[in-house]
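Novice: I am attaching a structure below and will ask some questions about it afterwards.
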Amino acid sequence: MSRSTTNVTLLGSTGSIGLQTLDVLARLSRVGRTFRVVALSARANDALLANQIKTVRPDVVSLVDRGGAQRLRDRFPGLHVVDGEGGASEIAALDGVDVVINAVVGAAGLAATLAALSRGRTVALANKESLVAGGELVRAALAEGGGRLVPIDSEHSALLQCLGAGRANDVRRLILTASGGPFLGMDRAKRVTVSAADALRHPTWSMGRRITIDSATLANKAFEVIEAHYLFDVPYDRISVVIHPASIVHSLVEFRDGSILAQAAAHDMRIPIQYALTYPERVDTELPRLDLPQLGRLEFHELDGEEFPAYGSVLAAAREGGSAPAAMNAADEVLVARFLRGDTAFDTIARGLDATLDGWRGKFGQSPGPLSLDGVASADRWARSFASTLPA
Ligand code: MG
């Protein structure tokens with residue numbers, strides 16, 4: 001049976017998820033599933049983007065950096081090159097695109113998600129900030145545009161798969177797994193002195209730098225709880241997290257009768273990326289597989305809130321709602337960057353998030369109102385400047 005071609009736009013093509021997505025697309029085409037990459041976007045890496053242009057031959061590319069965009073125009077005269085901050089949203093809304101893969105890193109991804117969904121596109125979402133900072137807006141765009149949102153994050157891909165086995169009103173709770181990062185069980189005194197290099201050594205996953213640090217503080221897991229809340233419309237008191245150091249079970253769903261369904265797979269992001277692209281079908285492209293006897297045993301532990309204070313702060317912000325999660329996301333981005341530069345201690349990330357939440361309550365907490373893109377942007381700006389002036 002011949003299949004029609006799916007036209008895709010890949011936002012954030014030069015990042016970790018972007019590169020793995022291109023690998024998945026190549027694998028899918030080798031087994032006869034044709035995807036045509038119509039557009040690519042990146043922030044600043046025009047050299048890598050140029051290589052990708054030669055391989056996938058898109059019609060349009062977008063680069064935030066204007067100098068790099070000009071180099072691409074000079075090098076590829078027939079290619080339409082968009083530049084500046086709005087480029088990703090512009091190419092997310094192109095006519096004739098079926099699927100927009102949003103692998104942008106950071107809050108900049110939200111506008112592109114909204115642009116695609118309000119035009120009824122399917123969005124394969126790896127940009128968690130879309131839901132963390134603008135969950136209510138994303139839900140409104142979905143309702144208005146009739147698009148579809150499919151998660152790429154491994155935990156949410158697992159939840160989507162487990163939820164498919166039962167009815168929504170029979171779900172008791174969602175259970176996200178967390179590896180616990182490289183400092184699981186380390187005593188507090190030692191944590192203060194860990195370096196960026198230590199924190200970047202994630203025990204199981206290979207990921208971008210910010211998300212690796214967020215996995216060490218567990219702020220990432222709290223952001224993922226927010227994502228799950230908006231993706232699956234489940235209240236916060238029915239979403240829990242369990243520590244599972246091996247990252248083999250990616251998440252679980254408990255149903256009314258006590259049955260728990262789990263999704264397990266090798267920890268390779270290409271598996272959830274591919275599932276998002278072929279959903280609800282499954283394809284064998286020879287990605288890594290699990291060998292259960294070789295794994296031996298799987299461990300689960302309770303999450304210790306004292307050990308991971310950043311988790312509690314972000315979750316408290318989630319319960320505040322409004323622009324509080326947007327502020328926490330922006331502050332976290334700044335605090336992680338400061339830690340990676342050697343400007344602050346690891347502990348400062350959690351303390352800074354706590355201070356940000358207090359500051360947000362004072363500044364924005366009294367007049368919530370409905371969330372708007374402007375409201376998200378203003379909380380984001382405020383939190384960035386607040387977090388960059390916090391003492392080390
Ligand atoms: Mg994840």
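Novice: Confirm whether ALA196 is more than 14 Å from the chain's Cα centre (by Cα), surrounded by fewer than 23 Cβ atoms within 10 Å (Cβ to Cβ) and modelled with pLDDT under 95.
Specialist: On the way: more than 14 Å from the chain's Cα centre (by Cα): yes; surrounded by fewer than 23 Cβ atoms within 10 Å (Cβ to Cβ): yes; modelled with pLDDT under 95: yes.
Taking the combined requirement at face value, the residue satisfies it.
Novice: Let me ask something else. In contact (Cβ under 8 Å) with a residue 60 or more places away in the chain, surrounded by 21 or more Cβ atoms within 10 Å (Cβ to Cβ) and more than 21 Å from GLU144 (Cβ to Cβ): does that describe ALA107?
Specialist: Working: in contact (Cβ under 8 Å) with a residue 60 or more places away in the chain: yes; surrounded by 21 or more Cβ atoms within 10 Å (Cβ to Cβ): yes; more than 21 Å from GLU144 (Cβ to Cβ): yes.
Yes: the conditions hold for ALA107.
Novice: If ARG172 passes every condition in (1) more than 16 Å from the ligand (Cβ to nearest atom); (2) at pLDDT 95 or above; (3) assigned to a helix (DSSP H, G or I) but one, which one does it miss?
Specialist: (3)
Novice: So if I check each of VAL234, VAL241, which one is part of a loop (DSSP other than H, G, I, E, B), modelled with pLDDT of 95 or more and touching a strand residue (DSSP E or B) at 6+ places or on another chain (Cβ under 6 Å)? Talk me through it step by step, then tell me what you get.
Specialist: Numbers: VAL241 fails: part of a loop (DSSP other than H, G, I, E, B).
Only one candidate qualifies: VAL234.
Yes/no matrix, rows are residues, columns are (1) within 16 Å of the ligand (Cβ to nearest atom); (2) buried (at least 18 other Cβ atoms within 10 Å of the Cβ); (3) closer than 26 Å to ARG238 by Cα; (4) not aliphatic (A, V, I, L, M):
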position: ALA116; (1), (2), (3), (4): no, yes, no, no
position: LEU131; (1), (2), (3), (4): yes, yes, yes, no
position: GLY145; (1), (2), (3), (4): no, no, no, yes
position: ILE152; (1), (2), (3), (4): yes, yes, yes, no
position: THR177; (1), (2), (3), (4): yes, yes, yes, yes
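Novice: Out of the residues in the stretch 190-234 that are touching a Ser or Thr at 6+ places or on another chain (Cβ under 8 Å) and more than 19 Å from SER313 (Cβ to Cβ), state the one that is farthest from the ligand (Cβ to nearest atom).
Specialist: Restricting to residues being touching a Ser or Thr at 6+ places or on another chain (Cβ under 8 Å) and more than 19 Å from SER313 (Cβ to Cβ), the top hit is LEU200.
Novice: Closer than 23 Å to LEU298 by Cβ and either assigned to a helix (DSSP H, G or I) or β-branched (Val, Ile, Thr) (or both) - does that describe any residue in the stretch 186-203? Before you say what the answer is, go through the steps one by one.
Specialist: So the first thing to find is which residues in the stretch 186-203 are closer than 23 Å to LEU298 by Cβ, and the list is 186, 201-203.
After this cut, where a residue has to be either assigned to a helix (DSSP H, G or I) or β-branched (Val, Ile, Thr) (or both) as well, the list is none.
The answer is no, given that none of the residues of the stretch 186-203 is closer than 23 Å to LEU298 by Cβ and either assigned to a helix (DSSP H, G or I) or β-branched (Val, Ile, Thr) (or both).
Novice: If you don't mind, another one. Could you tell me which of the residues ASP214, ASP187, ASP237 is of a type outside the set (S, T, N, Q), within 24 Å of GLY135 (Cα to Cα) and without any contact (Cβ under 8 Å) to a residue 60 or more places away in the chain?
Specialist: ASP237
Novice: Given (1) on the phi < 0 side of the Ramachandran plot; (2) more than 16 Å from the ligand (Cβ to nearest atom); (3) touching a residue at least 12 places away in the same chain (Cβ under 8 Å), identify the lone condition not met by LEU125.
Specialist: That leaves (2) as the condition not met.
Novice: Can you name the helices (runs of 4 or more DSSP H) wholly within the stretch 1-105 that have at least 1 residues being of a type in the set (Ser, Thr, Tyr)? Don't jump to the end; show me each part of the working.
Specialist: Working: elements: 16-30, 46-56, 66-75, 87-92.
Here the list reads 16-30, 46-56, 87-92.
Novice: For SER251, indicate whether it is in contact with a strand residue (DSSP E or B) (Cβ under 8 Å, 6 or more places away or on another chain) and in a loop (DSSP other than H, G, I, E, B).
Specialist: Values: in contact with a strand residue (DSSP E or B) (Cβ under 8 Å, 6 or more places away or on another chain): yes; in a loop (DSSP other than H, G, I, E, B): no.
Spelling it out, it is not the case that SER251 is in contact with a strand residue (DSSP E or B) (Cβ under 8 Å, 6 or more places away or on another chain) and in a loop (DSSP other than H, G, I, E, B).
Novice: Moving on to the next point. Somewhere in the stretch 264-271, is a residue within 16 Å of the ligand (Cβ to nearest atom), surrounded by fewer than 20 Cβ atoms within 10 Å (Cβ to Cβ), among the small types (Gly, Ala, Ser) and closer than 24 Å to ALA103 by Cα?
Specialist: Yes; the residues of the stretch 264-271 include at least one that is within 16 Å of the ligand (Cβ to nearest atom), surrounded by fewer than 20 Cβ atoms within 10 Å (Cβ to Cβ), among the small types (Gly, Ala, Ser) and closer than 24 Å to ALA103 by Cα.
A quick yes/no check of all residues on (1) crowded, with 19+ Cβ neighbours inside 10 Å; (2) assigned to a helix (DSSP H, G or I); (3) touching a helix residue (DSSP H, G or I) at 6+ places or on another chain (Cβ under 9 Å); (4) of a type in the set (S, T, N, Q):
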site	(1), (2), (3), (4)
LEU298	no, no, no, no
GLU306	no, no, yes, no
VAL314	yes, yes, yes, no
ALA326	yes, yes, yes, no
ALA330	yes, yes, yes, no
ASP374	no, yes, no, no
ASP380	yes, yes, yes, no
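Novice: I would also like to ask the following. Which of the residues spanning the stretch 73-98 are within 30 Å of SER4 (Cβ to Cβ), in contact with a helix residue (DSSP H, G or I) (Cβ under 7 Å, 6 or more places away or on another chain), surrounded by 18 or more Cβ atoms within 10 Å (Cβ to Cβ) and not small (Gly, Ala, Ser)?
Specialist: Within the stretch 73-98, VAL81, VAL82 meet the criteria.
Novice: Residue by residue through the stretch 279-319, note down the ones that are closer than 17 Å to LEU218 by Cα and aromatic (Phe, Trp, Tyr).
Specialist: PHE300, PHE308, TYR311
Novice: Follow-up. Of the numbered conditions (1) assigned to a helix (DSSP H, G or I); (2) over 20 Å from ILE226 (Cβ atoms), ARG319 fails exactly one; give the number of that condition.
Specialist: (2)
Novice: For ARG209, only one of the following conditions fails: (1) surrounded by 15 or more Cβ atoms within 10 Å (Cβ to Cβ); (2) without any contact (Cβ under 8 Å) to a residue 60 or more places away in the chain. What is its number?
Specialist: Only one criterion in (1) surrounded by 15 or more Cβ atoms within 10 Å (Cβ to Cβ); (2) without any contact (Cβ under 8 Å) to a residue 60 or more places away in the chain is unmet by ARG209, namely (2).
Novice: Now for a different question. Please state which one of GLY352, GLY321, GLY342 is surrounded by fewer than 18 Cβ atoms within 10 Å (Cβ to Cβ) and closer than 25 Å to TYR236 by Cα. Steps first, please.
Specialist: Numbers: GLY352 fails: surrounded by fewer than 18 Cβ atoms within 10 Å (Cβ to Cβ); GLY342 fails: closer than 25 Å to TYR236 by Cα.
So the residue among GLY352, GLY321, GLY342 that is surrounded by fewer than 18 Cβ atoms within 10 Å (Cβ to Cβ) and closer than 25 Å to TYR236 by Cα is GLY321.
Novice: For the stretch 136-189, enumerate the residues that are within 23 Å of ARG270 (Cβ to Cβ) and of a type in the set (A, V, I, L, M, F, W, C).
Specialist: Scanning the stretch 136-189 gives LEU149, VAL150, ILE152, ALA158, LEU159, LEU160, CYS162, LEU163, LEU176, ALA178.
The values are calculated or read from the model by the stated rules, or taken from the named source; none is laboratory data. Because the structure is predicted, anything quoted here is derived from the model rather than measured. Glycine also receives a Cβ, built like all others from the backbone with ideal geometry; neighbour counts cover every protein chain displayed.
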